[in-house]
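Take a look at the structure below.
The values are calculated or read from the model by the stated rules, or taken from the named source; none is laboratory data. Keep in mind the model is a prediction, meaning the values are calculated, not measured. Neighbour counts run over all protein chains shown; Cβ positions are idealised from the backbone, glycine included. For accessibility, only protein heavy atoms count, side chains too; no ligands or nucleic acids. Shrake-Rupley method; radii C 1.70, N 1.55, O 1.52, S 1.80 Å.
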Amino acid sequence: MVRFFASCTAVISALFAASPALAQSPEAFYRGRQITFLIGAGAGGGYDAYYRTFARHVVRHIPGNPAIVPKNMPAASGLAAANTLYGSAERDGTVIAAFPNNIPMDPLFGNPGARYDAQKLNWLGSIGKLENICATWITSPIKTIAEAREREVIVAGAGATSNSVIMPRVLNALLGTRFKVVAGYDPGSGMTLALESGETEGVCGLSWSTIKAARPHWIADHKLNVLVQLGLMKLAELPEVPSALDLVSDPVKKQVLELILIRQEAGRPLAAPPGVPAERLAVLRRAFDETMTDPQFLAEAAKAQLEIEPLDAREIDALLAQAYATPREIVRQAAELIEPPGQK
């Protein structure tokens, strides 16, 4: 009996000790704290520019004004950051992460390095879409997607999992183009120099917003022949450039392409781990939404030529619900284009 009462006393004491933390208001909880912000991309790149700009402003929208400390984790195209967030990060609202666009759907496509359930992550939102294009340099005689079906076109690519390697393969399979990827270029200056020097003829799977931010003179000086758009919706700035979706007539192939393009729709996503208390998750999601309309954030983004085209948490959840409900045969075909069996 003595042991029983002692055990009860210990349990009650532990509950009372924990209750102040659980009962804290979000403002009291975050005051004086530090939020770790994992960035699943390398320092100095396009993703990093977006996410660090976001970090400088989001803290004003979190009650208690905590500090936020970005930490780059670029390994495995953001998979290291996603696995850390899902598997070992604190689940109290003090850790968030931001990723490249592949992270929400890598588990669906069977990437063995994706040790997380994307639909169990607490998505906060996405800063912008990735609306990719396929283009050749001004000196190339290949000016249209039809001409890219007639002869081999050498295009620069980054790593094996990058859009600049995946998208030429997708177009070759679904549209009959003849892109030949030379992979391994640095995604920034390496690919730029490859095009400008004539080392390669073009690039396929490069974000239009990235070009506008990093190489605006390419657009102003008409340095690119834009062959095709790769997005669920056409870009208003490129009304004469065909959409890949419009060029695919086979209904099965169209479903495959739509699934692949959903992958880039939530182009710059952020998430908290599973298990974050509901009240704190609501605070983080509200902070994201408010930052997306914050005049100071938008002014800094505009100055850096960062396109802000946000999706909120519900929109990301809806996109993933659509993607993960896709028939398995369509998923299989898409996965083979994104990650051919020999690369898994």
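This table checks each residue for (1) open to solvent by 10 Å² or more (accessible area, probe 1.4 Å); (2) free of Cβ contacts under 8 Å to residues at least 24 places away in the same chain.
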site: Gly125; (1), (2): no, no
site: Glu131; (1), (2): yes, no
site: Pro141; (1), (2): yes, yes
site: Ser162; (1), (2): yes, no
site: Asn172; (1), (2): yes, yes
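Every test in (1) more than 30 Å from Ser88 (Cβ to Cβ); (2) in contact (Cβ under 8 Å) with a residue 24 or more places away in the chain; (3) open to solvent by 50 Å² or more (accessible area, probe 1.4 Å); (4) not basic (Lys, Arg) is passed by Ile330 save one, and that test is (3). If we keep just the residues of segment 288-314 that are in contact with a strand residue (DSSP E or B) (Cβ under 8 Å, 6 or more places away or on another chain) and part of a helix (DSSP H, G or I), which is most open to solvent (accessible area, probe 1.4 Å)? Looking at the filtered set, the residue picked out is Asp289.
Does Gly275 satisfy the criteria of being in contact with a Gly (Cβ under 6 Å, 6 or more places away or on another chain) and either open to solvent by less than 60 Å² (accessible area, probe 1.4 Å) or of a type in the set (Gly, Ala, Ser) (or both)? Spelling it out, it is not the case that Gly275 is in contact with a Gly (Cβ under 6 Å, 6 or more places away or on another chain) and either open to solvent by less than 60 Å² (accessible area, probe 1.4 Å) or of a type in the set (Gly, Ala, Ser) (or both). Comparison of Lys180, Lys143 shows that the only residue that is of a type in the set (D, E, K, R) and assigned to a loop (DSSP other than H, G, I, E, B) is Lys143.
Right, Ser77: crowded, with 20+ Cβ neighbours inside 10 Å, in contact (Cβ under 8 Å) with a residue 12 or more places away in the chain and at positive phi or not?
yes
Within segment 12-50, the set of residues being of a type in the set (A, V, I, L, M), at pLDDT below 80, out of contact with any Phe, Trp or Tyr (no Cβ under 8 Å at 6 or more places or on another chain) and open to solvent by less than 70 Å² (accessible area, probe 1.4 Å) comprises Ala14, Ala18.
Give Val248, Val181 a once-over and let me know the one that is of a type outside the set (Phe, Trp, Tyr), more than 12 Å from Ile133 (Cα to Cα), surrounded by 22 or more Cβ atoms within 10 Å (Cβ to Cβ) and more than 18 Å from the chain's Cα centre (by Cα).
Values: Val248 fails: surrounded by 22 or more Cβ atoms within 10 Å (Cβ to Cβ).
Going through Val248, Val181 in turn, the sole match is Val181.
Within segment 87-114, residues that are touching a residue at least 12 places away in the same chain (Cβ under 8 Å) and over 28 Å from Val59 (Cβ atoms) sit with their Cβ atoms under 8 Å from residues that are charged (D, E, K, R) and surrounded by fewer than 21 Cβ atoms within 10 Å (Cβ to Cβ), at 6+ positions apart or across chains, in these pairs: Phe109/Glu339; Gly110/Glu339; Gly110/Lys344; Asn111/Glu339; Asn111/Lys344; Pro112/Lys344.
Out of all the residues in segment 193-211, is one or more over 28 Å from Leu319 (Cα atoms), in contact with a Gly (Cβ under 8 Å, 6 or more places away or on another chain) and open to solvent by less than 40 Å² (accessible area, probe 1.4 Å)? Yes, segment 193-211 contains a residue that is over 28 Å from Leu319 (Cα atoms), in contact with a Gly (Cβ under 8 Å, 6 or more places away or on another chain) and open to solvent by less than 40 Å² (accessible area, probe 1.4 Å).
Taken together, the criteria exclude Ala321 from residues that are free of Cβ contacts under 8 Å to residues at least 60 places away in the same chain, in a helix (DSSP H, G or I) and surrounded by fewer than 18 Cβ atoms within 10 Å (Cβ to Cβ).
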